[in-house]
Amino acid sequence: EADIYQTPRYLVIGTGKKITLECSQTMGHDKMYWYQQDPGMELHLIHYSYGVNSTEKGDLSSESTVSRIRTEHFPLTLESARPSHTSQYLCASSASGSNQPQHFGDGTRLSIL
Amino acid sequence: SQQGEEDPQALSIQEGENATMNCSYKTSINNLQWYRQNSGRGLVHLILIRSNEREKHSGRLRVTLDTSKKSSSLLITASRAADTASYFCATATYSGGSNYKLTFGKGTLLTVNP
């Protein structure tokens, strides 16, 4: 298994709270990604980063924000959680190059009450 | 629009049988990847096949790629109960600079019965 870690694994929290989902990798990968996945559905890219101080929005519009201050760390923040944010959030990283696989964490399952 | 679509959506077989899953896509790709996802876990990379390759093997896995038909198949031979998982294909397309974007399909849920 790859060395990429997400915390917390599960989070149940009330509407309006600010939350931060943590993602760290120890592989020295430049590229990191956040995906959103509803049960039984495909992954949708919501944010990505190609290096420190580089962040971009993905294909699926999201109210979350990300930061990349260190290579190994790519946290995702929701300023004011809403029930519509309930989903699973998966973090991934990859090395640079054209034929590189992505390595995934085990995800954070987020439930907003 | 969705790039990769897996077929079937669900597949149930007996242990020891072979399982075949298919993936179709719409645009030119750099490579195609297959991933496995166990329930409640992240995705695990299984195999990557480049656009100039036609077949690739890894253990009990065999992947084919037909770029003229824009399709790929994943064959798992001699399946085991532990192979029970969702399987996703993902297509890598060039997105500028030295970067490539992965687009995932909806997956095939494989159940292997003991």
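Each reported figure results from applying straightforward, stated rules to the coordinates on display, with no laboratory input. In this text the structure is predicted, and so the values were computed from the model without any measurement. So basically every Cβ, Gly included, is an ideal-geometry build from the backbone, and we count neighbours across all protein chains shown.
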### Task
Give a quick list of GluC sites (Glu not before Pro) in the range A:1-50 that DSSP marks as loop, anything other than H, G, I, E or B, with at most 12 other Cβ atoms within 10 Å.
A:1
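Using a simple charge model, +1 on the beta-carbon of Lys and Arg, -1 on the beta-carbon of Asp and Glu, nothing else, what dipole does chain A show about its Cα centre, in debye to the nearest 20? Write out the running numbers ahead of the final one.
Values: 9 positive and 12 negative charges, 69 e Å.
For chain A, the charge dipole is close to 340 debye.
Could you list A:73, A:85, A:29 in order of exposure, starting from the residue whose Cβ has the fewest other Cβ atoms within 10 Å?
So the residues, fewest neighbours to most, are A:73, A:85, A:29.
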### Message
Going through the cross-link list A:17/B:106; A:31/B:70; A:57/B:106; A:57/B:101; B:56/B:106; B:70/B:106, which pairs have a Cα-Cα distance over 19 Å in this structure?
### Response
A:17/B:106; A:31/B:70; A:57/B:106; B:56/B:106
### Message
Quick check: convex hull of the Cα atoms in the range B:37-104, volume per residue, rounded to a whole Å³?
### Response
110
### chain A: Cα Rg divided by the 2.2 N^0.38 Å rule of thumb
1.00
### Task
Per residue of the range A:28-43, in order, report the coupling 6.51 cos²θ - 1.76 cosθ + 1.60 (Karplus, θ = phi - 60°) as ³J(HN,Hα) in whole Hz, putting x for Gly and Pro.
x, 5, 6, 9, 9, 9, 10, 10, 10, 9, 8, x, x, 10, 6, 7
### Query
Rg (Å, one decimal) plus Dmax (Å, integer) for the alpha carbons of chain B?
13.8, 48
#### Entry: Viscosity 1.567 mPa s, temperature 4 °C, Stokes-Einstein D of the protein assembly as shown from Kirkwood C-alpha radius, µm²/s
72
